[in-house]
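Single-structure report; data block below.
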Amino acid sequence: MVIQIALDQTLLAHNHTKGLGSKCKDRREKGAWADCMTLFESTIFELNRTLNPTKKNCNEFDKQTWLSTALTNLETCIAGFKPYISNNVTKLISNSLAMHNNIVPRIQSYKLGFPTWVTRRDRKLLQASKLATANLVVAQDGSGDFKIIREALDATAKKTRSGRFVIHIKSGVYAEYLVIGTNLRNIMLVGDGMQSTIITGDRSYGNGFTIFNSATVAVMGDGFIARGITFRNTAGPQNKQAVALRVGSDHSVFHQCSFEGYQDTLFAHSQRQFYRECNIYAQGRTDPNQNTGIIIQYSRITASPDLKPVIASFLGRPWEQYSRTVVVESFIDSLISPVGWLQWDGNFALDTLFYAEYNNFGPGSLTSKRVKWKGYKIITNVDQISQFFVGNFIGGESWIPDASVPFTYGI
């Protein structure tokens, strides 16, 4: 009942917001309005599938994820368009999250060491040294079906298809802005390696775009997979936030990919995402019942060569009231300040955030001088850290095996 009321209120808010576009004063405000329209449409979709799930074997963990996404969408909208958006809907969704949180199972099972939502075929596609077949090929030299990635995606949207649809993007630097919408499900983009296939742009907050819409590539269609591609934003540090990749795709997988930028390079906006053997160069939760956060495990946190002399870098800072980030068994280089973490706005969220470190190593991993915030934790107990493993935190065993990406579900 509460979710239905939230959906009804979201539909009303969406219709009301449609008429506000003409009142926007400048390019950024117009962009924030456009972001809200997109986010409302996504929220309506998430609430609808929570009420009437079409997925086989849908469970409470799925519903908690979709409700979390709906709330994240609205909070993103409010952040950019706050004077015009009511918070009644967010309260309703927050109440729904609280009710679902009491019945969501905390432990997920495993199958062959992978989340079960990664199919056997996807697992083979990701582990293959060479791509045997592709539905479409993009090549700048004219040797494929298209020279531009956008045209391949447009053609894909017009096709009647089922199952995984593979697009091979041959070597080259592609200066394009891509939006892989909710209608493009189960798309796989395969490059010729992160050094060879590069998608690049230079939109940024500094040159008039919203952070949400500054992304070189934005992915919203569920079941998205990328392998062997670099996603790049070249706006530079002087232009503030500039996103290389924004992801709101449930059950998305990124294998052997690179994300290059200077601030907000990778915008993991919502839904369940898995990254393996990726490079990220240079999280926000508004409700304690959202099953969201960023877990960094078995990774290397270091500077790119041009930033090596810089040491005043930090593991994170809280954008939202209940931001959650955990760094587990990773190498932390000397670029990270001894205090580890940075305030966002005075004392905002320092008591309600959850930042934690477990068994890391490297010159920047020493915790003796870390921040003394109430929300910061140094975890030493393996039972306590286990809730943040791939299986427990994102239900990985139900979907990652389909993508053929190796992963470790525990220590």
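The values are calculated or read from the model by the stated rules, or taken from the named source; none is laboratory data. Please read these numbers as outputs of a predicted model, since none were measured by experiment. Note: ideal-geometry Cβ built from the backbone for every residue, glycine included; neighbour counts use all protein chains shown.
Miscellaneous remarks
- Yes/no for ALA356 being crowded, with 17+ Cβ neighbours inside 10 Å, at pLDDT below 90 and among the aliphatic types (A, V, I, L, M): no
Here's the yes/no breakdown for (1) out of contact with any Lys or Arg (no Cβ under 6 Å at 6 or more places or on another chain); (2) modelled with pLDDT of 80 or more; (3) part of a loop (DSSP other than H, G, I, E, B):
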| position | (1), (2), (3) |
| --- | --- |
| ALA6 | yes, yes, no |
| HIS14 | yes, yes, no |
| PHE45 | yes, yes, no |
| GLN64 | yes, yes, no |
| ALA79 | yes, no, no |
| ILE103 | yes, no, yes |
| ARG106 | yes, no, yes |
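- Applying the condition of being hydroxyl-bearing (Ser, Thr, Tyr) and buried (at least 22 other Cβ atoms within 10 Å of the Cβ) to segment 185-208 and asking which residue is farthest from PHE254 (Cα to Cα) yields SER204.
- Among the conditions (1) modelled with pLDDT of 90 or more; (2) touching a helix residue (DSSP H, G or I) at 6+ places or on another chain (Cβ under 9 Å); (3) surrounded by fewer than 22 Cβ atoms within 10 Å (Cβ to Cβ), the only one that GLY221 does not satisfy is (2).
- Taking the criterion of being more than 30 Å from PHE61 (Cβ to Cβ) and outside any helix (DSSP H, G or I), the residues of segment 229-255 that qualify are THR230, ARG232, ASN233, THR234, ALA235, GLY236, LYS240, GLN241, ALA242.
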